[in-house]
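Below is one structure, written out as structure tokens; comments come after it.
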Amino acid sequence: MVAYLDSGKVCHFSAELGQESIMGNPLYIENVVKRFGDFNAVDGISLEIGEGEFFTLLGPSGCGKTTLLRMIAGFNSVDAGVIRFKEKILNDIPAHRRNIGMVFQNYAIFPHMSVFNNVAYGLKARKVSKEDIEKRVIEVLDLVQMGEYKDRQPSKLSGGQQQRIALARAIVINPDILLMDEPLSNLDAKLRIDMREVIKKIQNNLNITTVYVTHDQEEALAISDRIAVMNGGKIQQIGTPREIYQNPGNTFVADFIGTSTFLDCILENKTKKKSLLKILDGSEIEIPLQTDYSGGAVLAFRAEEVTLGKPGPGKLNGKIVFSTFLGGLMNYEIMLDNDQVVLVTEYLKDNEIWRNIGDEVSLDFNMSRINLFDAVNKEVLV
Amino acid sequence: MKTPAGMNRKRLFALDFWNIMTFIFFVLIAVFLVYPLVGLLSRSFLSGEDRSFGLSSYLEFFQLPYYFSTLWHSIILTLVSTVLATIVGLPMGYAVARYDIPGKKMLNVMVVVSLLSPPFIGAYAWIVLLGRSGFLTKLIEPLGIHLPSIYGFGGMLLVFTFKMFPFIYMYVIGALGSMDSSLEEAAESLGVHGIKRLFTVTFPLILPTLTAGVVMVLMTVLSDLGTPMLIGEGYKVLPVLIYDEFMGEMGGSFVMASTMSVIIIVFSLTVLFLQRKVIGNKDYNMTGLRPPSVIELKPVSKIILTTAVYGIAIFALIPQITTVVTSFIKTHGPLFIKGFSFESYRYIWDKMADSIRHTFTYATIAIVIMIFMGILTAYLVVRRKSRVTALLDFLLMSPYVIPGSVLGIIFIMAFNKPPVILAGTATILVISYVIRKIPFLFRSSIGILYQLDPAVEEASISLGISPVRTFFKVTAILMLPGVVSGAVLSWIASINEFSSTIILYSGHTKTISVTIFTEIFKDSYGTAAALGTILTFAAIVSLVVFNKLTKGKGSVV
């Protein structure tokens with residue numbers, strides 16, 4: 001049961017709500033739905049985010065990640081479900097009473113205020129004394145390495161500097177939760193990596209519960225404690241960056257994180273611990289798979305998870321059709337016998353062989369790194 | 001448990017600040033716009049002795065040449081003036097924007113100054129120069145040269161063409177300045193250049209802006225009352241006839257005045273509708289990352305082009321110059337005597353200080369109300385989009401198609417009887433200025449609000465400032481530059497307002513423009529000129545102050 005009280009009043013948690021989930025996890029989202037007309041932008045999402053955790057919502061544009069973030073912030077209403085922070089149900093609490101810090105994609109710095117006043121803005125609203133404001137603003141500006149800019153006008157700052165101010169402004173109010181909506185997407189590549197470290201270190205030091213939205217999988221892997229991969233308003237997989245990268249739960253995740261190649265194949269269960277994988281006519285690989293599944297399957301692997309070898313019978317053979325030299329590594333495009341093109345990365349420090357277009361090669365898999373999905377549900381086979 | 005339905009109901013009827021404001025604005029619009037308009041419409045259908053419902057007034061209008069010909073006159077005058085203003089304004093704007101004509105700033109100032117005073121002052125200045133006892137007429141009469149008459153159709157064309165081309169010019173310059181040069185370069189690289197590029201890329205791209213300017217000119221010429229009253233003479237146009245019918249003592253002509261008012265509004269609406277049809281959704285929002293570079297001209301072409309554009313600008317300034325000069329000449333009624341003096345100014349200071357005070361008091365009160373309304377309504381229309389606020393948008397823009405004289409008439413008819421009696425008061429003038437001039441301010445407020453990122457407001461809200469306080473602390477302040485540039489236009493239009501004031505004023509609420517008019521009819525040209533000079537001067541000062549306030553970043557038009 002959920003008690004909807006008058007907006008504006010703090011809603012106290014009613015006893016019927018699942019007690020067990022309160023423990024430990026301050027941010028609790030249950031079956032949350034957001035509708036735009038007939039379209040469910042967020043389609044029944046449930047999440048729990050721990051104290052001080054850096055949690056990322058990752059997905060392609062239109063997957064509902066920003067909508068969900070804005071529901072937590074209070075800018076989008078919740079059509080069904082519950083969002084709770086500790087004992088407080090947030091659903092009907094207006095955005096300005098939630099004590100949530102937010103960092104926006106395009107910084108949203110107040111252009112008519114100096115850097116100092118931008119950061120002091122939220123503290124003034126909280127009736128903090130003048131001396132305390134001064135002290136806390138300067139502290140937080142030093143934290144984001146912007147102390148010397150406190151009297152500047154925002155128009156005189158670069159994008160990266162503006163985003164530091166935006167971060168300072170959001171954390172100075174000691175928010176219960178920090179929300180970040182693609183904060184790095186307007187910065188250039190190098191700055192993005194610098195800022196990502198700044199954000200991660202500050203978040204770590206202050207131990208703020210953080211929800212971060214991005215469409216950039218590399219950024220998500222680098223910065224997060226845990227990631228929820230989203231698509232079509234639903235969560236596809238939740239896990240640590242490593243889990244998500246190495247053990248994608250379905251083909252969508254495997255494809256979205258670190259671009260995989262997919263090959264249709266047939267799996268034949270032989271013994272309890274052994275299966276036979278038929279990829280193309282003639283290529284059969286024995287794999288140690290602890291499942292009794294037999295039937296259509298999808299083999300997924302990433303460019304760096306295969307090695308090139310000498311072609312031979314029973315192996316997956318192909319011909320190099322294109323190569324790109326990228327300094328420390330080579331990218332080869334290999335056309336298999338069924339005309340499917342596979343991308344393979346070879347690190348030059350591991351292999352000094354200089355391959356030419358037209359060379360015949362075989363693809364040798366690192367069995368512990370490949371993933372198999374069933375052909376119908378696209379779910380992982382374990 | 002699911003109770004979203006309950007939540008929605010609560011949101012819909014919540015007595016929040018914005019819903020209260022929406023309600024207040026609708027009440028004000030209902031009382032001061034819809035009620036008078038409905039009154040006008042119903043009165044236009046009264047017929048016969050028993051004043052029953054009928055079309056007889058409309059039939060009369062379309063059957064009697066006396067009435068019908070004025071509609072025809074109005075249409076011809078409006079169309080020809082607009083075409084001429086475009087023929088002057090468009091090439092001049094293009095030349096100044098694209099070629100290295102020296103002193104562009106100076107040129108723009110000249111053009112802006114020439115459009116600052118109401119059109120009828122232009123008409124008056126031409127009378128002073130070329131009228132029956134005009135200065136130039138008298139000067140060249142002994143030489144046996146007879147200039148074409150300044151009165152009638154030709155004279156009005158002259159006045160309107162040179163009063164209106166600056167609007168086209170400013171719009172064209174604005175549109176060309178915000179165009180990205182890569183578009184023209186792309187055409188060039190595809191082998192399209194010269195005139196062909198001009199007609200396939202450049203002009204189509206500025207067309208939406210250009211038509212907005214053209215419609216503005218059409219509306220202004222169509223509704224202008226002062227100019228045809230002064231120099232129209234035999235060439236009667238609709239606003240003059242409406243004024244005559246209404247001010248005439250016969251009771252029956254109230255109905256005919258209403259009928260003609262409805263016809264002129266329908267005509268304006270048609271023009272606006274046609275523009276929307278032509279433009280459709282073609283709103284090329286160009287950012288102008290790299291405005292086209294200015295082309296250097298060869299010496300001969302440069303001299304010819306420079307002479308031409310300065311010639312036009314100076315010609316357009318003649319009315320202003322004439323007004324200022326005559327205000328310092330000794331006069332005896334309509335006769336100018338040799339020698340300069342401040343006599344005219346001393347006279348108005350003694351006898352007409354009231355009208356000066358009225359003008360600025362009413363316009364100031366009106367502009368304060370307009371700024372408040374403009375900011376709040378723009379916010380409602382842009383940030384709280386709904387069918388209700390779309391209707392508000394439509395209603396606030398609708399005065400654009402109501403000529404001033406018509407607004408004056410419907411106000412008199414609506415508010416000279418209970419429940420609301422306002423006829424003859426200063427209040428009715430202020431309200432008419434607000435209603436009639438708010439579209440400028442409303443549009444520019446909407447324009448700037450679209451440029452403001454909503455995330456800035458959300459940042460403020462998430463930092464703990466309630467949405468209403470955020471509006472006043474952040475949104476309203478950031479809107480100010482756009483609001484002010486609209487407000488300057490609305491303010492200048494308010495101090496110059498003539499067509500509705502001439503109907504709504506009473507003995508103790510005379511304004512400068514009305515006094516100028518009565519002075520011209522009394523043949524006191526000197527005092528009329530001095531008052532005209534004060535208006536122009538006030539408008540220039542407003543623009544200078546505006547430029548100082550926005551540090552040159554803001555732009556008018």
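The values are calculated or read from the model by the stated rules, or taken from the named source; none is laboratory data. All of these numbers come straight from a predicted model, not from anything done at the bench. Counting neighbours? That spans all protein chains shown, and the Cβs are built from the backbone with ideal geometry, glycine included. Keep in mind that these areas ignore ligands, DNA and RNA; they rest on the heavy atoms of the full protein, side chains included. Shrake-Rupley method; radii C 1.70, N 1.55, O 1.52, S 1.80 Å.
Checking each residue in the range A:352-366 for being over 17 Å from A:Glu305 (Cβ atoms) and either touching a strand residue (DSSP E or B) at 6+ places or on another chain (Cβ under 9 Å) or surrounded by 12 or more Cβ atoms within 10 Å (Cβ to Cβ) (or both) picks out A:Ile353, A:Trp354, A:Arg355, A:Asn356, A:Ile357, A:Gly358, A:Asp359, A:Glu360. Each residue in the range B:132-146 was checked for being in a loop (DSSP other than H, G, I, E, B) and under 20 Å from B:Thr227 (Cα atoms), and 3 of them qualify.
Looking only at the range A:146-162, decide whether some residue is of a type outside the set (D, E, K, R), at the interface with chain B (Cβ under 8 Å from one of its Cβ atoms) and outside any strand (DSSP E or B). The answer is no, given that none of the residues of the range A:146-162 is of a type outside the set (D, E, K, R), at the interface with chain B (Cβ under 8 Å from one of its Cβ atoms) and outside any strand (DSSP E or B).
Please pick out the residue among A:Phe110, A:Phe75 that is within 10 Å of chain B (Cβ to nearest Cβ), open to solvent by less than 10 Å² (accessible area, probe 1.4 Å) and part of a loop (DSSP other than H, G, I, E, B).
Numbers: A:Phe75 fails: open to solvent by less than 10 Å² (accessible area, probe 1.4 Å).
Within the list A:Phe110, A:Phe75, the selection yields A:Phe110.
Could you grab me the full set of residues in the range B:469-493 that are over 18 Å from the mean Cα position of the chain (by Cα) and either over 19 Å from A:Gly122 (Cβ atoms) or in contact (Cβ under 8 Å) with a residue 12 or more places away in the chain (or both)? Listed by number, the residues that qualify are B:Thr470, B:Phe471, B:Lys473, B:Val474, B:Thr475, B:Ala476, B:Leu478, B:Met479, B:Leu480, B:Pro481.
Per the listing B:Val484, B:Val430, B:Val474, the residue uniquely in contact with a Phe, Trp or Tyr (Cβ under 7 Å, 6 or more places away or on another chain), in a helix (DSSP H, G or I) and within 13 Å of another protein chain (Cβ to nearest Cβ) is B:Val474. Residue count for the range A:201-222 under the criterion of being over 16 Å from A:Ala166 (Cβ atoms) and assigned to a helix (DSSP H, G or I): the result is 9. Applying the criterion of being open to solvent by 20 Å² or more (accessible area, probe 1.4 Å) and touching a strand residue (DSSP E or B) at 6+ places or on another chain (Cβ under 6 Å) to the residues of the range A:247-257, the residue that is modelled with the lowest pLDDT is A:Thr251.
Quick check: anything in the range A:78-91 open to solvent by 60 Å² or more (accessible area, probe 1.4 Å) and acidic (Asp, Glu)? Yes, the range A:78-91 contains a residue that is open to solvent by 60 Å² or more (accessible area, probe 1.4 Å) and acidic (Asp, Glu). A single member of B:Thr361, B:Thr326 is modelled with pLDDT of 90 or more and either in a helix (DSSP H, G or I) or closer than 30 Å to B:Ala30 by Cβ (or both), and it is B:Thr361. Restricting A:Leu280, A:Leu289 to those that are open to solvent by 10 Å² or more (accessible area, probe 1.4 Å), modelled with pLDDT under 85 and farther than 19 Å from A:Glu379 by Cα reduces the list to A:Leu280. If you filter the range B:447-471 down to residues that are of a type in the set (Asp, Glu) and within 7 Å of chain A (Cβ to nearest Cβ), you find that the one that is least open to solvent (accessible area, probe 1.4 Å) is B:Glu458. Give the residue that is most open to solvent (accessible area, probe 1.4 Å), with candidates limited to residues of the range B:172-188 that are over 14 Å from B:Val96 (Cα atoms) and in contact with a Ser or Thr (Cβ under 8 Å, 6 or more places away or on another chain). Per the stated criteria, the residue is B:Ser178. Residue check: B:Leu463 meets all listed conditions (1) out of contact with any Gly (no Cβ under 6 Å at 6 or more places or on another chain); (2) modelled with pLDDT of 90 or more; (3) closer than 30 Å to A:Gln163 by Cβ but one, namely (1). Condition check: assigned to a loop (DSSP other than H, G, I, E, B) and over 19 Å from B:Gly174 (Cβ atoms). Does B:Ser74 satisfy that? In short, no. The residues in the range B:95-136 that are of a type outside the set (Asp, Glu), open to solvent by 30 Å² or more (accessible area, probe 1.4 Å) and in contact with a Lys or Arg (Cβ under 9 Å, 6 or more places away or on another chain) can be counted, and the count is 3. Residues that are open to solvent by less than 30 Å² (accessible area, probe 1.4 Å), at pLDDT 90 or above and more than 21 Å from A:Gly258 (Cα to Cα) within the range A:319-351 comprise just one, A:Ile320.
Take the conditions (1) assigned to a helix (DSSP H, G or I); (2) surrounded by fewer than 22 Cβ atoms within 10 Å (Cβ to Cβ); (3) away from chain B (no Cβ under 11 Å); A:Lys124 misses just one of them, which is (3). Whenever a residue of the range B:521-549 is free of Cβ contacts under 8 Å to residues at least 60 places away in the same chain and surrounded by 14 or more Cβ atoms within 10 Å (Cβ to Cβ), its partners that are aliphatic (A, V, I, L, M) and in a helix (DSSP H, G or I), lying with C-beta atoms within less than 7 angstrom and at least six residues away or across chains, give the pairs B:Ser542/B:Val488; B:Ser542/B:Ile492.
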